[in-house]
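Scroll down for the structure; my scribbles are underneath it.
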Amino acid sequence: MSMRIVIGAPGNGLALKDALKEHLHRDERVSAVTDLSEPDITYPQVSFRAAQAIVDGRADRGILVCGTGVGTAIAASKVRGVRAATAHDLVTVRGSVENYDAQILCMGQNVIAAPAAWALVDLWLDLRHDPSSSYGEKLAEIEDCEASR
């Protein structure tokens, strides 16, 4: 499956975002990379844009980078229908997709070096969520809560 990826960062995540973007452009699993970064963009703005691109069907997944990865995950998850997860290790990256079906991976430039981040993204590109797993029912609970608000 070839994926369309949106990527973005405010100023405090640009170096890691650029390093990941370079790798994504060379990855055969990725059909398109759209960089949503702009000068002076805030982490909420770039997060909302990435999440909306996924909701609108213009992208399959997204990667957001800020200082810690926490702010972008909070902001992106405010867009109805989007789950964003901060992950800096293999167990969390795997769980973010396989268990929680997170469409957006958030990372912190102040937390992880580019080679380690790429190793995680490399795994992330191959991960899929199984809706028939025990987490499928739990995700339905979250979706029901979201729909009732």
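Please build a GNM for the chain, connecting alpha carbons under 10 Å apart, and tell me which residue among 71, 57, 13 fluctuates the most. In the Gaussian network model the winner is 57. Taking every C-alpha pair closer than 8 Å and separated by at least 6 residues, the mean separation divided by the residue count of segment 1-50 gives a relative contact order of 51 percent. A Förster radius of 35 Å, combined with the Cβ-Cβ distance separating residue 94 from residue 56, puts the computed FRET efficiency at roughly 0.80.
The stretch between residue 144 and residue 35, if pulled fully straight at 0.36 nm per residue, gains 36.1 nm over its current Cα-Cα span. Per residue, the solvent-accessible area of segment 3-148 (1.4 Å probe, heavy atoms of protein chains only, all protein chains present) comes to 48 Å². A Gaussian network model of the chain, with springs between Cα atoms under 10 Å, assigns the largest mean-square fluctuation among 56, 35, 89 to 56. Between residue 133 and residue 25, the contour length at 0.36 nm per residue exceeds the alpha carbon distance by 35.7 nm. Atom-type composition of the exposed protein surface of segment 13-54 places 50 percent of the accessible area on carbon and sulfur (1.4 angstrom probe). Apply the Debye scattering formula to the chain, with a single equal point scatterer on each alpha-carbon and no solvent, then give log10 I(q)/I(0) at q = 0.14 Å⁻¹. The Debye formula, applied to the Cα set alone, gives -0.60.
Summed over qualifying helices (DSSP H, 4 residues or more, each -39500 (n - 2.57)) and divided by its residue number, the chain shows a 222 nm mean residue ellipticity of -13500 deg cm²/dmol. Placing +1 on each Lys and Arg Cβ and -1 on each Asp and Glu Cβ, with no other charges, gives the chain a dipole about its Cα centre of roughly 220 debye. Along the axis of the charge dipole computed for segment 41-140 (Cβ charges of +1 for Lys and Arg, -1 for Asp and Glu, origin at the Cα centre), the listed residues 97, 121, 44 are led at the positive end by 44.
Relative to the longest principal axis of the Cα atoms of the chain, the long axis of helix 114-124 lies at roughly 30 degrees.
Return one number: the angle in degrees, 0 to 90 and rounded to the nearest 10, between the long axis of the Cα atoms of helix 43-55 and the longest principal axis of the Cα atoms of the chain. Once rounded, one gets 50 degrees.
Highest mobility in the GNM of the chain, judged by mean-square fluctuation with C-alpha springs under 10 Å and restricted to 97, 30, 82, is found for 30.
The values are calculated or read from the model by the stated rules, or taken from the named source; none is laboratory data. Being a predicted model, the structure only gives us computed values, none of them experimental. All Cβ positions, even for glycine, are placed from backbone atoms using ideal geometry, and neighbour counts span all protein chains on display. Just so you know, the surface numbers come from the protein's heavy atoms only, side chains and all, with ligands and any DNA or RNA stripped out. Shrake-Rupley method; radii C 1.70, N 1.55, O 1.52, S 1.80 Å.
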